[in-house]
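Data block below; observations after.
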Amino acid sequence: MDGWMRRAHLWRRVALGGTWEELNRTTSEAELVSRWLGQITMPNLPNFGERNRQATNQQRRQFGQWLINQWLSNSNPLQERLVNFWRDHFVVSIRKIRFPQLLVDYEQRLRRYAWGDFQELLWQVSTSPAMLAYLDNNRNRMNRINENFSRELLELFTIGRGNYTEIDIQEGARALTGWIVVPNFMEGRPLSTFMPRRHDAGLKNYLGKKGNFKTEDVVEMLANHPGTARTLATKLWSTLVYPEPEPEIVQRLAKVYTQNRRQIRPMVEAIFTSPEFYSPKAYRSYLKSPLFFLLGSLRQLQISPSPERLLAPLRAMGQIPYNAPTVKGWPDSWLTAPALLTRLSLAQQLTRSYSDDLGFDFQPGNYSTQDLLRLLLDGNPDRGITGALSGLNTRETAALLLASPAYQLA
């Protein structure tokens, strides 16, 4: 990759796409990554108090708008990228969680612990009211065991298939008993709590160890298990570099996790400073999700519509934040025929219907066709695109490039 392609690749993977100004800066990729890793802040999250059906529906929309606005306004895009990784890893969904207050609490936990000790993050997720409600662990009690959370905790969130047995699922579920979502919660009070009388205090046999285990013991064992190091290494790499990393890369990144006492920040730094990150195999190796297509387009063209205008196209493309169809998250393949038509329509809307909100000047003549090709496609258009641009004005050119096959790849 040349210098422009390297910068564009980094901005695309971290921020979903760089602006013309960002891509023309001379800041090195290493400096950018170092700056992003050192600028972690906690934004002010929405504060929802009232609880009734009408208020809940409005609050859900407001929370979705807040999430979109964070993507577009945070000066540290890597922070948003990593928090989104954890949303996709530890899936919860508004399909099952009734009250937005629980999602705000969950979002706060992910943001606060995203970069640090995975054991602490796993504890925060496991005891959050959102996860308790989503995977039914609030219904898991002595003599009425519910194995749902215990199963997904092992299979999806930590050590992965092949590293546990059905007995581990059953015994883990017993250890995880006792937690409830607090009914009639009020501002300033915990939204979940542990009730000893609901906990199974008997002896358990879990992952080859025996003891009177509770949730904190399960979390500690899983966070320090070699399988968890491999799971996180594989998933972080697959999300940020390219799918299905080689075994030696997984081993190398898992070692970073272990040597740094489960810290996530060193793993992220190792990924972005690895030579493989800029390899041909990594370049445009992903199909953009609807969310990433929309937000990347807005960001690169510096279009600033009100966040409430963006939920409808996201819904049409099939991806509303915190609304994954299953605990496994979003599907890998997005470009069905209807979804592609929606993207084509959206490319037109972004460059025409939203013209009053444009920050990027799309007046004909101010930016050449070559400028837009460089900005949106790194100067490497699909075969046939260049000829199709003949005679188009700047807005029409931008719309065609946003709809091009190459732009669908990250």
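Conditions (1) surrounded by 20 or more Cβ atoms within 10 Å (Cβ to Cβ); (2) touching a residue at least 12 places away in the same chain (Cβ under 8 Å), marked per residue:
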residue	(1), (2)
Ala130	yes, yes
Asp136	no, yes
Arg144	no, no
Arg151	no, yes
Ile167	no, yes
Arg174	yes, yes
Pro183	no, no
Pro190	no, no
Asp217	no, yes
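Determine which single condition Leu102 fails, assuming it passes every other condition in (1) touching a Pro at 6+ places or on another chain (Cβ under 9 Å); (2) surrounded by fewer than 21 Cβ atoms within 10 Å (Cβ to Cβ); (3) in contact (Cβ under 8 Å) with a residue 60 or more places away in the chain.
Result: Leu102 fails condition (2) only.
Restricting attention to the stretch 10-42, and to residues there that are assigned to a loop (DSSP other than H, G, I, E, B) and surrounded by 15 or more Cβ atoms within 10 Å (Cβ to Cβ), which single residue is modelled with the lowest pLDDT? Steps first, please.
Filtering the stretch 10-42 for residues assigned to a loop (DSSP other than H, G, I, E, B) gives 16-19, 25-28, 38-42.
Within this subset, residues satisfying the condition of being surrounded by 15 or more Cβ atoms within 10 Å (Cβ to Cβ) are 16-19, 40.
Numbers: Leu16: 96, Gly17: 97, Gly18: 96, Thr19: 92, Ile40: 88.
Of everything passing the filter in the stretch 10-42, Ile40 is modelled with the lowest pLDDT.
Mind listing whichever residues of the stretch 362-405 are modelled with pLDDT of 95 or more and surrounded by fewer than 16 Cβ atoms within 10 Å (Cβ to Cβ)?
none
Quick one: how many residues across the stretch 372-410 are over 15 Å from Gly17 (Cα atoms) and not in a loop (DSSP other than H, G, I, E, B)?
So the answer is 11.
Step by step: first the residues of the stretch 238-289, then only those that are on the phi < 0 side of the Ramachandran plot and among the basic types (Lys, Arg), then the one that is modelled with the lowest pLDDT. Which residue is that? Can you show your working first?
Of all residues in the stretch 238-289, those on the phi < 0 side of the Ramachandran plot come to 238-243, 245-260, 263-283, 285-289.
Okay, now just the ones that are also among the basic types (Lys, Arg), so 252, 255, 265, 281, 288.
Numbers: Arg252: 99, Lys255: 99, Arg265: 98, Lys281: 98, Lys288: 94.
Among those residues, the one meeting the criterion is Lys288.
Inside the stretch 144-245, counting only helices (runs of 4 or more DSSP H) that do not spill past its ends, which hold 2 or more residues that are over 26 Å from the mean Cα position of the chain (by Cα)? Spell out how you get there, then give the answer.
Values: elements: 148-152, 166-175, 215-223, 226-240.
Output list reads 166-175.
The values are calculated or read from the model by the stated rules, or taken from the named source; none is laboratory data. As the structure is a prediction and not an experimental result, all values here were calculated from the model. No Cβ is skipped: glycine too gets one built from the backbone with ideal geometry, and neighbour counts run over all protein chains shown.
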